[in-house]
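The values are calculated or read from the model by the stated rules, or taken from the named source; none is laboratory data. Small disclaimer: the values here were computed from a predicted structure and weren't measured. Note that we place each Cβ from the backbone using ideal geometry, even for glycine, and neighbour counts take in every protein chain shown. In case anyone asks, the SASA skips ligands and DNA or RNA and just uses the protein heavy atoms, side chains included. Shrake-Rupley method; radii C 1.70, N 1.55, O 1.52, S 1.80 Å.
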Amino acid sequence: MAVVGLEQMAAMPVAERANFKIFQQLSMGTPVRVGGRITGPGALTTTDGGSVSLSGLEVAQSENFAEVVGTKSGDAALTVTGVVHLPVGEVDVELWDEAVKMSHMPQLRPLFAPNHSDGLNTARAGS
């Protein structure tokens, strides 16, 4: 798995996953992760068929699925902080999109919310 901008992504707040529909509802400046295919220079086609223009970090076109991380800078624009390219192979885009939608359902939202602990409790729970 190829990752671009790892250090920059680690320095930003936890970004929530979004498809195009959810992305449009977010406030400007919100940290976000959007999955899809980088279909051209500065263009991401999302899992629900939307198109987000990319700026900032230069992102190369790829046939493989990728998750682009950054901040919302317009109704359909994202300032890129980093990119996680998934391994070569098919990704079930419909399943990914449904998981993103589930993470925004009020009754399931707490299951997907970031845990702001220092990680010690989680690490010890599995020991």
Original post:
Cβ-Cβ below 8 Å, separation at least six or inter-chain, first residue in segment 87-112 and closer than 15 Å to Gly50 by Cβ and touching a residue at least 12 places away in the same chain (Cβ under 8 Å), second open to solvent by 100 Å² or more (accessible area, probe 1.4 Å) and outside any helix (DSSP H, G or I): which pairs?
Top reply: Val100/Arg17
Original post:
Any idea which residue in segment 11-36 is nearest to Thr81 (Cα to Cα), counting only those that are open to solvent by 60 Å² or more (accessible area, probe 1.4 Å) and not polar (S, T, N, Q)?
Top reply: Ala11
**OP:** Output the qualifying pairs, or none if there are none: Cβ atoms under 9 angstrom, residues six or more apart or on different chains, first residue in segment 10-23 and under 10 Å from Val69 (Cα atoms), second residue among the basic types (Lys, Arg) and surrounded by 14 or more Cβ atoms within 10 Å (Cβ to Cβ).
**Re:** Ala15/Arg33; Glu16/Arg33; Arg17/Arg33
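Name the residue that is farthest from Leu95 (Cα to Cα), counting only residues in segment 29-70 that are assigned to a loop (DSSP other than H, G, I, E, B) and among the aliphatic types (A, V, I, L, M).
Leu57
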